[in-house]
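Down below is the structure, laid out as structure tokens.
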Amino acid sequence: MPDLDSLSEISPGVFAWNVNADTRHALVTSAIGGSYLEDFREFSLPTWQEYAQRCGLGVVVFADGSVSDDTLGGFNGAWLKMLLPELVKQQFPQVTRLALVDTDIIINPSAPNVFESTPEGHVGVVPEFSPDLAKNVESRKRLAFLRRKYYDASYPLDSILFASAEQVYREEGFQPLSESFCSGLIVLDSASSSAFSAWFDEAKTVELGPAVAWEQTYLNYKVLTQLPHHWLDPEFQVIWNLEMASSHPSLYQMGDLSTSEFAENCVADTLNRVHFLHFAGSWPESTAWKNSPQQVMNKMGSLFEPEFRKYLETPSTGVARGKIAFQAD
């Protein structure tokens with residue numbers, strides 16, 4: 001297990017781990033306001049460190065004090081991700097590529113290297129919708145129905161939750177596009193930092209309408225219309241809320257899922273079959289994030305460890321070994 005005490009403050013509000021003169025790729029996040037930094041360190045960082053150590057990546061965190069209120073211009077920390085590439089370029093010029101990752105994402109330590117999965121010169125993003133329309137609708141209907149039944153009797157069974165990409169763009173005043181991505185993970189070259197920072201400056205001067213998804217729709221429109229982009233495997237950003245509604249509906253009967261052994265088991269089983277798991281939103285499903293990442297990794301049953309990865313790469317022969325029976329102790 002990597003050293004959890006080695007997240008060092010490089011400058012006011014800027015923390016780094018495993019970053020040195022030779023670091024070329026880094027996972028970068030913003031933890032502005034409230035308990036975001038403490039929650040990130042407790043519930044996400046250990047899985048990031050396991051993954052980063054295996055892939056040779058650095059971790060950089062921009063927290064309170066790293067950016068002035070004047071610079072933020074009234075935006076919350078979610079919008080800061082557009083400025084982060086330029087801030088990284090200024091403070092860590094050796095970093096040539098970065099992945100902007102939300103703090104409430106945990107990572108399967110055996111996930112593929114996201115930088116190797118994104119061609120240089122492209123912005124790597126994860127599709128918001130599955131190609132399977134029926135699956136999209138059913139998972140969202142499960143979520144709406146279960147929220148209404150167990151969390152809030154007034155929760156609507158039909159809402160923007162079911163909107164298409166085109167509908168959301170129109171809702172926020174943009175020319176509609178047929179595709180959209182989840183902004184919790186974005187991979188880019190540092191050469192694109194000037195474009196991202198220009199969009200941030202522009203966003204502070206224009207009327208953004210309701211912005212129902214914070215920065216996501218604005219950033220979608222800019223990236224998809226102005227920069228070369230690459231669609232990553234959907235497993236690089238799986239939304240826990242939809243996974244829970246589809247695969248673990250019994251958890252809805254438990255209320256708060258923090259410090260829950262049952263939630264740990266379900267999160268571990270989910271993380272074993274995806275790359276990045278995102279606990280987005282403020283509804284009770286997302287409290288499953290607030291469990292011990294060490295326990296989650298323990299319950300993954302060693303399937304992310306080198307021994308199993310090596311076994312996966314070993315050809316199987318199918319040679320008979322005789323009858324194999326379980327012998328109880």
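The values are calculated or read from the model by the stated rules, or taken from the named source; none is laboratory data. Keep in mind that this is a model prediction, so the values were computed, not measured. Here the Cβ is made from the backbone with ideal geometry for all residues, glycine too, and neighbour counts use every protein chain on show.
General observations
- Screening the candidates Asp256, Asp329, Asp269 for the property of being modelled with pLDDT of 95 or more, part of a loop (DSSP other than H, G, I, E, B) and over 16 Å from Asp104 (Cα atoms) yields one hit, Asp256.
- Any hit, segment 205-217, residues being among the aromatic types (Phe, Trp, Tyr), touching a strand residue (DSSP E or B) at 6+ places or on another chain (Cβ under 9 Å) and more than 22 Å from Val95 (Cβ to Cβ): yes
- The one condition in (1) under 13 Å from Phe92 (Cα atoms); (2) free of Cβ contacts under 8 Å to residues at least 12 places away in the same chain that Gly58 fails to fulfil: (2)
- Pairs, first closer than 27 Å to Pro93 by Cβ in segment 25-53, second among the polar types (S, T, N, Q) and in a loop (DSSP other than H, G, I, E, B), C-beta under 7 Å, six or more apart: Thr29/Thr103; Ala31/Thr103; Tyr36/Thr103; Phe40/Thr103; Ser44/Thr103; Ala52/Asn18; Gln53/Asn18
- Of all residues in segment 232-253 being within 15 Å of the chain's Cα centre (by Cα) and not in a helix (DSSP H, G or I), the one that is nearest to Leu100 (Cα to Cα): Gln237
- Residues located in segment 142-162, provided they are outside any helix (DSSP H, G or I), hydrophobic (A, V, I, L, M, F, W, C) and under 20 Å from Thr287 (Cβ atoms): Ala153
- In segment 44-53, the condition of being of a type in the set (A, V, I, L, M), farther than 21 Å from Ser193 by Cβ and modelled with pLDDT of 95 or more is met by at least one residue.
- Filter pass, Asp104 being closer than 30 Å to Pro249 by Cα, modelled with pLDDT of 95 or more and acidic (Asp, Glu): yes
- Residues in segment 102-144 that are of a type in the set (A, V, I, L, M, F, W, C) and either without any contact (Cβ under 8 Å) to a residue 40 or more places away in the chain or closer than 19 Å to Arg273 by Cα (or both): Ile105, Ile106, Ile107, Ala111, Val114, Val126, Phe129, Leu133, Ala134, Val137, Ala144.
- Residue list for segment 282-326, filter: part of a loop (DSSP other than H, G, I, E, B), closer than 30 Å to Gly255 by Cβ and modelled with pLDDT of 90 or more: Ser282, Trp283, Lys290, Asn291, Ser292, Lys299, Met300, Gly301
- Filter result for Gln167 (closer than 24 Å to Val223 by Cα and either in a loop (DSSP other than H, G, I, E, B) or in contact with a Pro (Cβ under 7 Å, 6 or more places away or on another chain) (or both)): no
- Residue in segment 170-185 that is at pLDDT 95 or above, among the aliphatic types (A, V, I, L, M) and crowded, with 21+ Cβ neighbours inside 10 Å present: yes
- Candidates Glu215, Glu285, Glu261, Glu235, filtered to the one that is out of contact with any Phe, Trp or Tyr (no Cβ under 9 Å at 6 or more places or on another chain) and acidic (Asp, Glu): Glu261
- Long-range neighbours under 7 Å by Cβ, at least six apart or interchain, first residue within 19 Å of Arg142 (Cβ to Cβ) and free of Cβ contacts under 8 Å to residues at least 60 places away in the same chain within segment 228-242, second of a type in the set (D, E, K, R) and surrounded by fewer than 21 Cβ atoms within 10 Å (Cβ to Cβ): none
- Any hit, segment 233-243, residues being within 30 Å of Asn113 (Cα to Cα), touching a strand residue (DSSP E or B) at 6+ places or on another chain (Cβ under 9 Å), charged (D, E, K, R) and crowded, with 20+ Cβ neighbours inside 10 Å: yes
Okay, residues lined up against (1) of a type in the set (D, E, K, R); (2) more than 17 Å from Ala111 (Cβ to Cβ); (3) out of contact with any helix residue (DSSP H, G or I) (no Cβ under 9 Å at 6 or more places or on another chain):
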position: Leu7; (1), (2), (3): no, yes, no
position: Pro12; (1), (2), (3): no, yes, yes
position: Phe15; (1), (2), (3): no, yes, no
position: Ala21; (1), (2), (3): no, yes, yes
position: Ala26; (1), (2), (3): no, no, no
position: Phe43; (1), (2), (3): no, yes, no
position: Glu50; (1), (2), (3): yes, no, no
position: Val59; (1), (2), (3): no, no, no
